[in-house]
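Sending over a structure as structure tokens; questions will come in a sec.
What follows is calculated from the coordinates using simple rules that are stated; it is not laboratory data. All values reported here derive from a predicted model rather than from experimental measurement. Don't worry about glycine lacking a Cβ; one is built from the backbone with ideal geometry, like all the others, and counts go over all protein chains shown.
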Amino acid sequence: MSNTLVEKIIDLFEKNGDSEYGGEAVTQGEHALQAAHLAMEEGCAANIVVASLLHDIGHMLHALPDDAPEQGIDDLHEELGFRFVDKYFKHAVAEPVRLHVAAKRYLCAKEPEYLGRLSEPSIISLHLQGGPMTDAECRLFEQNPFYRDAVQLRRFDDLAKVPNMEVRQLGSYRTLLTGQLK
Ligand code: FE
């Protein structure tokens, strides 16, 4: 099963990884590999590396257009991705995936300069996602045991938009992926 699943994920990346990453300068596949690569470079724990690699897999699982946010549609990819990841992977992987949009809303509230660094597509989707968190929402978010992991993942997510970045290839994550299965 585990092998089949990892192959299925590799297959998904091959089939849908070339799709545009909502107006960014990289494809979905490049974005995912860059996020995971950055997590590896930081020496992050395996759950964060795998969560970084899979955080946007929801985008590869739906048939909505790449520019859905520009059309005013929230694709809810974090929920879709979470459902997929949660089925097969440890909670410590699935939860940061589910929270990576919330982490953006949290950072917007906590760090005034963070919003200014977001890419334009990310700002467009922010408004569909509810905008910066209120103080009460921040406090609630901080009660989730995985909120720090989600914030860390989010920082890689935001940086993983560099055209032609040299990264580790998907196949090199096989063992890490397998190790994070339930
Ligand atoms: Fe992302």
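Amide H of residue 89: which non-local residues (sequence gap of 5 or more, or other chain) have their own amide H closer than 5 Å, using H built in the peptide plane?
Amide H neighbours of residue 89, under 5 Å, 5+ apart: 182.
Okay, next question. Suppose only helical runs count, i.e. DSSP H with n ≥ 4. What mean residue ellipticity at 222 nm does that imply for the chain under -39500 (n - 2.57) per run, divided by all residues and rounded to the nearest 500 deg cm²/dmol? Spell out each step's value before the answer.
Values: 11 runs with 116 residues, N = 182.
Value at 222 nm, helices only: -19000 deg cm²/dmol.
Charges at C-beta only: +1 for Lys and Arg, -1 for Asp and Glu. How large is the resulting dipole of the chain about its Cα centre, in Debye rounded to 20? Walk me through the numbers on the way to the answer.
Numbers: 18 positive and 29 negative charges, 154 e Å.
The calculated dipole for the chain is roughly 740 debye.
Further, regarding this structure: What does the highest-first list of 149-162, 121-134 look like by mean Cβ count within 10 Å?
Working: 149-162: 21.3, 121-134: 16.3.
Per-residue mean Cβ counts within 10 Å order the peptides as 149-162, 121-134.
Take peptides 34-41, 84-91 and line them up by average Cβ neighbours within 10 Å, highest first, as a rough protection proxy. Walk me through the numbers before you get to the answer.
Values: 34-41: 22.4, 84-91: 17.6.
Order by mean packing, descending: 34-41, 84-91.
Which peptide among 109-120, 17-28 comes first, and what is the full order, when sorted by highest mean count of other Cβ atoms within 10 Å? Walk me through the numbers before you get to the answer.
Numbers: 109-120: 12.7, 17-28: 17.4.
The densest-packed peptide leads the list: 17-28, 109-120.
Restricted to Cα positions, what overall size does the chain have along the principal axes? Three whole-Å values, descending.
43, 33, 28
Return a whole-number percent for the relative contact order of the chain, with Cα pairs under 8 Å and 6 or more residues apart as the contact set. Display every interim value, and only then the final one.
Numbers: 244 pairs, mean separation 54.5, N = 182.
That works out to 30 percent.
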